[in-house]
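Structure first, then comments.
The values are calculated or read from the model by the stated rules, or taken from the named source; none is laboratory data. These figures come from a predicted structure and were not determined experimentally. Positions of Cβ are generated from backbone atoms using ideal geometry, with glycine treated the same way; all protein chains shown enter the neighbour counts. The accessibility values were calculated without ligands, DNA or RNA, using every heavy atom of the protein model including side chains. Shrake-Rupley method; radii C 1.70, N 1.55, O 1.52, S 1.80 Å.
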Amino acid sequence: MNMLNKGMTLLFKSLIGVLLLLPLSVYANEGLSVLSITDTPDGQDYSVKLQILLLMTALSLIPAFILMCTCFTRIIIVLSILRQALGLQQSPPNQVLVGIALCLSILIMKPVWSKVYDSAFVPYDNGQITMLEAASIAEKPIKAFMLRQTHVSSLEQMMKIGGEDESVKPEDLSIVVVLPAFVISELKTAFQIGFMIFLPFLIVDLVVASVLMSMGMMMLSPLIVSLPFKLMIFVLVDGWTMLVGSLSSSFG
């Protein structure tokens, strides 16, 4: 049983434990049937009520899942660095940047979602597999995507912290080890892309500052003068399209 199954089983037992701590008279008076777990040849199957409860709990974890397991982190960091490089404080606003990053994340990870839907959701919806089996199947394409974007050094560091055997193949590692390595790799890649984006705008700032110094205009802020030039250059080269294309290609 992999780490995902162990974690979900622990969650299930914790929820059941909370329910069992309730006074038994509640069940007797209200006629509420206890949420049940049934042993099957393929493992354990959970009642519909318990599956609905777990699904509602999982919905609260969707924002964390999007941040940690998709390409959202890299995209939103690069967009934030671009805004700082242009010298803009609140334009585009945070809501717009988050919306762009979310749409790009959905589009870039469309092949992964398709695999999860075809291999996990459809069989589960047809009653061919249990919820735990669907979760285990859905984990594989997501983990494969994260491993493709994870740097070897980050993965090795997480393996050392987690006490994993170095002979274990990356695809056999638990999601607990792969997830932090993926996030650290995304941060590193995002800063590398942000550095390349910052350089041309830094050159514009240096040129403008040098011109102002030579003209003796000490009191005039170079950022105010360079901002329209940076905006004009960014628009003329179709910067948004180039940035989106570079970000999508960086995921291979």
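Quick one: grab the alpha carbon gyration tensor of region 106-252, order the square roots of its eigenvalues as a ≥ b ≥ c, and give me rounded if a/c is under 1.5, else prolate or oblate depending on whether a/b is larger than b/c. It comes out prolate by the Cα gyration axes. In the context of the full set of protein chains, region 189-244 has a per residue accessible area of 69 Å² (1.4 Å probe).
Straightening the chain between Ser249 and Leu223 buys 6.2 nm, computed as 0.36 nm per residue apart minus the Cα-Cα spacing.
Using a probe radius of 1.4 angstrom, the carbon and sulfur fraction of the accessible surface of region 127-183 is 56%.
Taking Cβ atoms as reference points and 15 Å as the exclusive limit, the residues near Pro92 contribute a net charge of +2, counting Lys and Arg as +1 and Asp and Glu as -1. Charged neighbours of Met159, selected by a Cβ distance under 12 Å, balance to -3 (K, R count +1; D, E count -1). The mean sequence distance of close C-alpha pairs (under 8 Å, at least 6 residues apart), as a share of the length of region 106-222, puts its relative contact order at 19 percent. Solvent-accessible surface of region 65-109, taken per residue with a 1.4 Å probe and all protein chains present: 44 Å². Here Gln157 and Met232 are evaluated by their C-beta separation; at R0 = 35 Å the FRET efficiency comes out at 0.20. Only protein atoms count toward the accessible area here, which uses a 1.4 Å probe; on region 201-252, the carbon and sulfur part of that area reaches 80 percent. The local environment of Gln149, defined by Cβ-Cβ distances under 15 Å, has a net charge of +2 under the rule Lys, Arg +1 and Asp, Glu -1.
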